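What follows is a set of notes on a single structure, which appears directly below.
The values are calculated or read from the model by the stated rules, or taken from the named source; none is laboratory data. Quantities reported herein were computed from a predicted structural model and do not represent experimental measurements. Methodologically, a virtual Cβ is constructed for each residue, glycine included, from the backbone with ideal geometry; neighbour enumeration extends over all protein chains shown.
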Ligand code: TMP
């Protein structure tokens with residue numbers, strides 16, 4: 001069954017839209033696994049905590065350390081969660097995947113794509129998402145969505161990244177420039193306008209899904 005990824009900057013609505021899509025597919029009778037990166041197994045979730053926390057020591061990870069942390073989590077996630085779910089014939093809806101490493105450790109952290117690909121190649125093997133939705137929103141939409149989250153305490157990354165509007169354009173550029181995966185193949189990415197009411201954005205996603213998968217999701 002298909003492996004679907006949602007990507008986008010902070011406040012793009014990707015997690016909400018991923019959950020809505022999972023609900024839609026379950027309503028059609030499909031088995032669906034919802035997962036996320038970094039995370040998706042107990043160990044990978046522990047790595048996520050380290051990755052996202054503000055170290056009391058002030059010893060903030062460098063971009064290369066970040067890459068190794070997210071890739072360690074991804075390795076565990078792929079072996080223990082994603083590949084078994086694919087074998088069980090489930091749909092997988094994953095909140096972030098390799099494109100986030102290209103944007104956060106590459107574009108933002110300054111690491112070369114070649115370096116990211118060298119680390120990612122053995123972790124991914126022949127695995128590619130069947131479809132990646134890249135949600136693009138204006139900075140105003142992103143800010144208002146994040147500040148509307150109830151009881152949210154922003155962590156180290158969220159606070160910094162929300163201010164960084166260039167990340168939203170970097171995700172768009174990654175899509176329009178057809179950036180290849182480490183094995184040289186270009187994954188199917190669809191840019192979705194994430195501005196506007198949830199239902200409107202969901203409709204754009206479902207239209208793209210039907211276009212891509214045809215009759216199985218009608
Ligand atoms: P979020 O999914 O709740 O937005 O948090 C995940 C954070 O981790 C987000 O700031 C992006 C960051 N991240 C990376 O820096 N590299 C990666 O490869 C992934 C998957 C996430």
Residues satisfying the stated conditions in the range 20-38, i.e. under 26 Å from residue 108 (Cβ atoms) and without any contact (Cβ under 8 Å) to a residue 24 or more places away in the chain: none
Hits in the range 68-103 - residues which are closer than 20 Å to residue 46 by Cβ and without any contact (Cβ under 8 Å) to a residue 24 or more places away in the chain: 79, 84
Residues of the range 1-17 satisfying the condition of being within 11 Å of the ligand (Cβ to nearest atom), surrounded by fewer than 23 Cβ atoms within 10 Å (Cβ to Cβ) and part of a helix (DSSP H, G or I): 15
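Counting residues that are at pLDDT 95 or above, more than 10 Å from the ligand (Cβ to nearest atom) and in contact with a helix residue (DSSP H, G or I) (Cβ under 9 Å, 6 or more places away or on another chain), which helices (runs of 4 or more DSSP H) fully inside the range 28-140 reach at least 3? Outline the logic, then answer.
Numbers: elements: 42-52, 63-77, 83-87, 98-101, 113-124.
Correct list: 42-52, 63-77, 113-124.
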Complete set of residues in the range 184-218 that are over 19 Å from the mean Cα position of the chain (by Cα), in a loop (DSSP other than H, G, I, E, B) and surrounded by 13 or more Cβ atoms within 10 Å (Cβ to Cβ): 196
Tally of residues being more than 19 Å from residue 7 (Cα to Cα) and surrounded by fewer than 20 Cβ atoms within 10 Å (Cβ to Cβ) across the range 86-122: 12
